[in-house]
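Below is one structure, written out as structure tokens; the observations come after it.
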Amino acid sequence: SDAVVSAVLNVDVKGPVISRHVYGHFAEHLGRCIYGGFYVGEDSDIPNAGGIRLDVVEALRALNIPNLRWPGGCFADEYHWMDGIGPKEQRPSMVNTHWGNVEENNHFGTHEFMALCELLGADPYISGNVGSGTVKEMSDWVEYLTREGDSPMVRLRKANGRQEPWRVPFWGLGNEAWGCGGNMTAQQYAAEARRYGTYCRDHGDNRLYRIAAGANSDDYSWTEALMKQLGDLGCAYRPQPFYQALSLHYYTIPGTWQDKGAATVFDTDEYYRTLVKAAHTDELLTGHSNVMDCYDPGKSVGLVMDEWGTWWNVEPGTNPGFLYQQNTLRDALVASLHFDIFHRHADRLVMANIAQTVNVLQAMILTDPDSGALVLTPTYHVFEMNKGHQDATALRVDLLSDVPAREVGPDTLKTVSLSASRKDGKVLVSLSNLDADGAADVELDLRGGIVGEVVSRILTAGAPQTHNTPDAPAAVAPRSHEQVTVTGTRVRVHLPAHSFVTVQVDVA
Ligand code: AHR
């Protein structure tokens with residue numbers, strides 16, 4: 001018989017707010033993410049605004065995309081922003097040494113990125129160059145973007161056609177400084193972050209939220225070094241001028257860096273190993289939060305997981321430096337599991353950015369290089385089904401029964417995962433059944449509210465390997481879910497094997 005999980009949701013007990021920014025995105029100059037993804041150029045037959053592909057914009061607007069990180073990644077630390085402004089034909093080229101060793105013509109630069117954010121209605125998150133740039137270069141970029149009135153950088157911006165300053169809320173001080181961003185030690189970088197952060201000024205009423213390049217995976221000593229640089233925030237906290245948050249990067253890879261596994265060809269063992277790796281995110285967020293709590297018990301400093309997601313071997317026949325991979329129902333379940341974890345860490349986690357939005361790693365959108373056809377991935381649908389959690393109040397889930405679990409090598413994977421939030425008189429519950437073969441039932445007792453209309457949707461398919469292609473674009477797509485019964489305050493939800501379900505309940 002199916003496993004049954006019982007849980008209580010106290011819908012009138014408010015937890016922390018789930019920042020909409022944990023549903024953030026990332027676009028790097030890498031493979032076909034920018035060129036051939038977001039940006040097709042003004043002469044393309046594909047409908048575009050200033051070269052920006054409009055169907056991509058429309059699809060991302062439907063997710064309420066809250067922010068977009070750019071221009072990297074590793075690329076950020078070799079990007080010189082002044083090469084990407086002014087008339088396109090006069091912009092110098094460079095070699096993108098990290099990603100495919102290809103020539104970058106700088107046709108997509110600051111103005112194009114800001115236009116993209118305006119079309120998306122998303123907040124820009126710009127990663128500045130610490131690894132191979134200078135403090136002055138970064139400081140000038142901030143002035144160019146955000147200052148009003150008259151100044152050298154303002155005059156340059158105006159000469160390039162933009163009168164008003166832009167609003168830039170999020171600013172990254174380099175990327176992966178322990179690796180591609182300069183191979184620094186934690187102590188070296190912490191001192192650099194303090195220096196760079198100092199000269200990234202708040203101009204006018206633009207307030208930068210500066211994000212220091214944080215740890216790789218479980219490198220807790222990196223987090224500790226950055227927290228130490230901020231000084232003692234425990235007793236008399238005052239907003240620090242150099243950085244307001246630390247980042248964290250962790251990718252879900254069931255294999256090794258040399259052989260990560262294929263995106264669409266995997267067996268059940270590899271399926272479970274993938275989900276165990278994804279579930280590890282909970283331990284990482286707990287660990288880094290614990291270190292931060294020692295220095296900042298008031299939780300003034302944010303944690304930003306600005307790179308996460310699956311990383312597979314590239315699709316056969318594609319450029320190894322372009323990181324193009326397909327995306328199956330398994331990827332969707334990796335995403336839904338991450339969101340449950342993010343919701344549970346809403347008190348410290350202020351932002352997260354999946355890597356990357358179009359045609360790279362765990363993408364929302366794949367575009368065909370020949371026909372231009374656009375495909376929404378299973379992961380896209382999780383973002384869409386979960387968008388009601390953005391800026392909602394997290395609800396604690398109290399389990400009354402054991403959650404089914406299975407041994408996966410030395411690890412244990414809980415195969416049912418759920419989280420809930422409340423906003424505007426609606427409770428949204430997200431439920432994942434990670435079991436490859438068995439169904440489960442979840443019985444929710446919604447205490448403290450009167451249950452009104454219930455709307456449920458499901459994302460599943462015949463097998464976890466199922467994915468969308470131009471020929472079968474809706475092989476994995478959300479449908480209405482009928483296997484939900486309501487009795488008083490109790491809502492019972494049936495979860496087929498390898499499925500993701502959302503239940504939205506009107507509560508008074
Ligand atoms: O997202 C791809 C790369 O992964 C990024 O450029 C880098 O920051 C990370 O190592």
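Structure summary
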| quantity | calculated |
| --- | --- |
| Residues with amide H under 5 Å from that of ALA405, placed H, sequence gap 5 or more | THR415 |
| From phi via Karplus (6.51, -1.76, 1.60), per-residue ³J(HN,Hα) for region 441-456 in Hz, x at Gly/Pro | 10, 10, 10, 9, 9, 8, 8, x, x, 9, 7, x, 5, 10, 10, 10 |
| Gain on full stretching of the segment that runs from ARG396 to LYS299 - 0.36 nm per residue minus C-alpha separation | 33.0 nm |
| 17 Å Cα-Cα reach of LYS426 towards aspartates and glutamates, excluding residues that sit fewer than 8 places from it in its own chain | ASP12, GLU384, ASP391, ASP445, GLU453, ASP506 |
| Simple label model, 7 Å out from Cα along Cβ direction - ASN290 to ASP259, nm | 3.5 nm |
| Under the Karplus curve 6.51 cos²θ - 1.76 cosθ + 1.60, θ = phi - 60°, whole-Hz ³J(HN,Hα) for region 188-204, x wherever Gly or Pro sits | 4, 5, 4, 5, 5, 4, 5, 5, 4, x, 4, 8, 8, 7, 7, 9, x |
| Nearest-20 debye value, the chain charge dipole, Cβ charges on Lys, Arg, Asp, Glu | 1300 debye |
| Rounded tilt (10° steps) of 220-229 against the dominant C-alpha axis of the chain | 50 degrees |
| For region 332-346, 3J(HN,Hα) per residue [Karplus equation, 6.51 cos²θ - 1.76 cosθ + 1.60, θ = phi - 60°, Hz, x = Gly/Pro] | 4, 6, 4, 5, 5, 5, 4, 5, 4, 5, 4, 4, 5, 9, 4 |
| DSSP beta bridge pairing in the chain, given as percent antiparallel to the nearest 5 | 60 percent |
| Nonlocal amide H pairs with LEU434, under 5 Å, H built at 1.01 Å | VAL416, SER417 |
| Computed lengthening from THR198 to ASP437, 0.36 nm per intervening residue step minus Cα-Cα distance | 80.6 nm |
| Above-threshold pairs, the threshold being 21 Å between Cα atoms, out of LYS260/LYS414; LYS14/LYS299; LYS277/LYS299; LYS277/LYS387; LYS277/LYS414; LYS136/LYS228 | LYS260/LYS414; LYS277/LYS299; LYS277/LYS387; LYS136/LYS228 |
| Spatially proximal lysines relative to LYS88 (Cα-Cα < 20 Å; intrachain offsets below 8 disregarded) | LYS158 |
| Packing-based order for 168-174, 35-41, 116-122, 408-414, using average beta carbon neighbours within 10 Å, highest first | 168-174, 35-41, 116-122, 408-414 |
| Relative contact order (%) - criterion: Cα under 8 Å, at least six apart; region: the chain | 19 percent |
| 5 angstrom amide H check on GLY72, placed H, neighbours 5+ away | SER127 |
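Values quoted throughout were computed directly from the atomic coordinates according to the rules given, and no laboratory measurement underlies them. Note that the coordinates shown come from a computational prediction; the quantities given were computed from them, not determined experimentally. Using ideal geometry, Cβ is built from the backbone for each residue, glycine included, and neighbour counts are taken over all protein chains shown.
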